[in-house]
1. Which of (1) modelled with pLDDT under 95; (2) surrounded by 10 or more Cβ atoms within 10 Å (Cβ to Cβ); (3) not in a helix (DSSP H, G or I) is the odd one out, the single condition Arg13 does not satisfy?
2. In this structure, is Ala77 in a loop (DSSP other than H, G, I, E, B), more than 21 Å from Thr48 (Cα to Cα) and small (Gly, Ala, Ser)?
3. Looking at the structure I just gave you, is Arg132 more than 13 Å from the chain's Cα centre (by Cα) and at pLDDT 90 or above?
4. Any residue in the range 89-101 that is more than 12 Å from the chain's Cα centre (by Cα) and either of a type in the set (D, E, K, R) or at pLDDT 65 or above (or both)?
5. Which one of the conditions (1) modelled with pLDDT of 70 or more; (2) loosely packed, with under 10 Cβ neighbours inside 10 Å does Glu31 fail to meet, given that it meets all the rest?
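The values are calculated or read from the model by the stated rules, or taken from the named source; none is laboratory data. From a predicted model like this one, the values you see are computed outputs, not experimental measurements. Heads up, the Cβs are rebuilt from the backbone with ideal geometry, glycines too, and the neighbour counts pull from every protein chain shown.
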Amino acid sequence: MSYMPNVIAFRPRPVAEPLRRPRILIRAAREGQAGWRRDRDLKRLLRTDHCPAPGACLPRLRAEEAALNEARLQRAAEYDMHRHVLLMIAILAEIRAAVADAPVWAGAGMGAAMLAQIGAALSGPAAAIPARP
């Protein structure tokens, strides 16, 4: 009889750094959720003709937002606060859409619970995402 461990090895997932942004920016993005229309606004923000699947454009949005945040920190003249708020609105909305679109399996209790916690943290009070002083 051979020994077969009961452990399944998965590739480690890359750890995304948490968003640490000023409280006013996060607050503006949360307030902007009410007027966000994915079909209209995401196409305009990404400058495309069609909307990708929910969550598929998150890496692109996060990269563009990181570049704008770096410009904000450097107090660069090309920093566009309006676009930065729009990107934050889009990121929050896409995370919500990805959570809502994720399949919920009977045996995936932990994964579904974790996704629900992420969604709740994004829609919760401003303390959920720490602000940079």
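1. All conditions pass for Arg13, except number (2).
2. yes
3. So Arg132 fails the test.
4. Yes, the range 89-101 contains a residue that is more than 12 Å from the chain's Cα centre (by Cα) and either of a type in the set (D, E, K, R) or at pLDDT 65 or above (or both).
5. Of the numbered conditions (1) modelled with pLDDT of 70 or more; (2) loosely packed, with under 10 Cβ neighbours inside 10 Å, the odd one out for Glu31 is (2).
Conditions (1) in contact with a Cys (Cβ under 7 Å, 6 or more places away or on another chain); (2) part of a loop (DSSP other than H, G, I, E, B); (3) not polar (S, T, N, Q), marked per residue:
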site: Asp39; (1), (2), (3): yes, no, yes
site: Lys43; (1), (2), (3): yes, no, yes
site: Thr48; (1), (2), (3): no, yes, no
site: Arg60; (1), (2), (3): no, no, yes
